[in-house]
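The values are calculated or read from the model by the stated rules, or taken from the named source; none is laboratory data. The structure presented is a predicted model; accordingly, all values stated were derived computationally and were not measured. Every residue, glycine as well, gets a Cβ built from its backbone with ideal geometry; the counts of neighbours run over all protein chains shown. Each accessible area value is taken on the protein alone, full model and side chains, heavy atoms only, with ligands, DNA and RNA left out. Shrake-Rupley method; radii C 1.70, N 1.55, O 1.52, S 1.80 Å.
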Amino acid sequence: MTATTSTSAAPATPAPLVDATRDDASLRRFLLGLPGVDQVGVEQRAAGLGTRSIKKDAKRWAIDTAISMVDLTTLEGADTHGKVRALAAKAVRPDPERQDTPRVAAVCVYPDMVATAVEALKGSGVHVASVATGFPAGRTSREIKLADTKIAVDAGAHEVDMVIDRGAFLEGRYMDVFEEIQAIKAACGDAHLKVILETGELATYDNVRRASWLALLAGGDFIKTSTGKVSPAATLPVTHIMLQAVHDWHVQTGELRGVKPAGGIRTTKDAIKYLVAVHEVAGEQWLVPDLFRFGASSLLNDLLLQRRTQVDGHYSGPDYVTVD
């Protein structure tokens, strides 16, 4: 997929939900009318699914699947072109001594590093994702957010990870948030849009559900938990709510949208808990990189170590994989 800049109109809302976005009052009525989240219920279900054990063959499949879903990420002020090239090399060949190790889904960088990542990943099948819209706080004008997006897309980004205006959302200015997501989606052209909700700042599970639906209505291809810069970041209960939203969206519209938990997922055990949640809440068809991603940096190292343990029959120390 090649990303191009586009000035095309924002995507039309699917017919079954068109009334929800007719005007500000309709959108507010729809979002506030969503069923409330049973906090105890969702936390108990997340905890229960998190205790599921899987057999050895299934664990090997789960590890490989998780590797293929990683958005390998570097989003630091000290990022260099050399660091991005090294990350790209790891994305393509995560374990050079094990040629059957899957490549990751994408490398995620700041807009000014997109061209470097695109060049390093040319022909590999690994996508380049770029954060944009004043990441991570999003506290800037819409004009700058659109310019930020254009820089990433013009440089060749296949995917754009935007942040919503949490202040506007928490003030109940839902139409402002909706229209901004639509504008960024239009600016993405052929690039896929991931909408970061920053769930750690949304305060309630009900707000997570409302923000999820708002992002889906506005055309987000993925809904993403977090920037990774705010605590708490991804959690299983929040991810359950978002998975339920994309499942329900599919039931109502026939469209498939993705989910990306990001931040705080560091171990293979953690990743498997999320894969179980995907299977049980959204459904088996979401167990592909096109519909589920992990936003992570350190997670890949543990997946590689655990993969070697599964293949070799003994634990390999961290010296056997590159450390980011």
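Side notes on the structure shown:
- Options 236, 256, 243: the member that is under 15 Å from residue 219 (Cα atoms) and within 15 Å of the chain's Cα centre (by Cα): 256
- A residue that is under 17 Å from the mean Cα position of the chain (by Cα), farther than 22 Å from residue 117 by Cα and not aromatic (Phe, Trp, Tyr) occurs nowhere in region 171-180.
- Top-ranked residue of region 201-235 - restricted to ones that are in contact with a Phe, Trp or Tyr (Cβ under 7 Å, 6 or more places away or on another chain) and not hydroxyl-bearing (Ser, Thr, Tyr), ranked as nearest to residue 183 (Cα to Cα): 218
Yes/no matrix, rows are residues, columns are (1) touching a strand residue (DSSP E or B) at 6+ places or on another chain (Cβ under 8 Å); (2) open to solvent by 30 Å² or more (accessible area, probe 1.4 Å); (3) assigned to a helix (DSSP H, G or I); (4) more than 19 Å from residue 274 (Cα to Cα):
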position: 47; (1), (2), (3), (4): no, yes, yes, no
position: 52; (1), (2), (3), (4): no, yes, no, no
position: 60; (1), (2), (3), (4): no, yes, yes, no
position: 65; (1), (2), (3), (4): no, no, yes, no
position: 79; (1), (2), (3), (4): yes, no, no, yes
position: 83; (1), (2), (3), (4): no, yes, yes, yes
position: 87; (1), (2), (3), (4): yes, no, yes, yes
position: 100; (1), (2), (3), (4): no, yes, no, yes
position: 118; (1), (2), (3), (4): yes, yes, yes, yes
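- Looking across region 67-77 at every residue that is open to solvent by 10 Å² or more (accessible area, probe 1.4 Å) and in contact (Cβ under 8 Å) with a residue 12 or more places away in the chain, the one that is nearest to residue 284 (Cα to Cα) is identified as 68.
- Residue 137 passes every criterion in (1) among the aliphatic types (A, V, I, L, M); (2) under 29 Å from residue 90 (Cβ atoms); (3) surrounded by 18 or more Cβ atoms within 10 Å (Cβ to Cβ) apart from (3).
- Region 236-264, residues that are open to solvent by less than 50 Å² (accessible area, probe 1.4 Å), closer than 18 Å to residue 194 by Cα and not in a helix (DSSP H, G or I): 257, 258, 259, 260, 261, 262, 263
- Failed condition for residue 124, given (1) within 18 Å of the chain's Cα centre (by Cα); (2) open to solvent by less than 60 Å² (accessible area, probe 1.4 Å): (1)
- Residue match in region 217-231 (condition: crowded, with 21+ Cβ neighbours inside 10 Å, touching a Cys at 6+ places or on another chain (Cβ under 7 Å) and not acidic (Asp, Glu)): no
- Selection within region 87-120 - of a type in the set (A, V, I, L, M) and either in contact (Cβ under 8 Å) with a residue 40 or more places away in the chain or farther than 27 Å from residue 310 by Cβ (or both): 87, 104, 105, 106, 109, 113, 114, 115, 117, 118, 120
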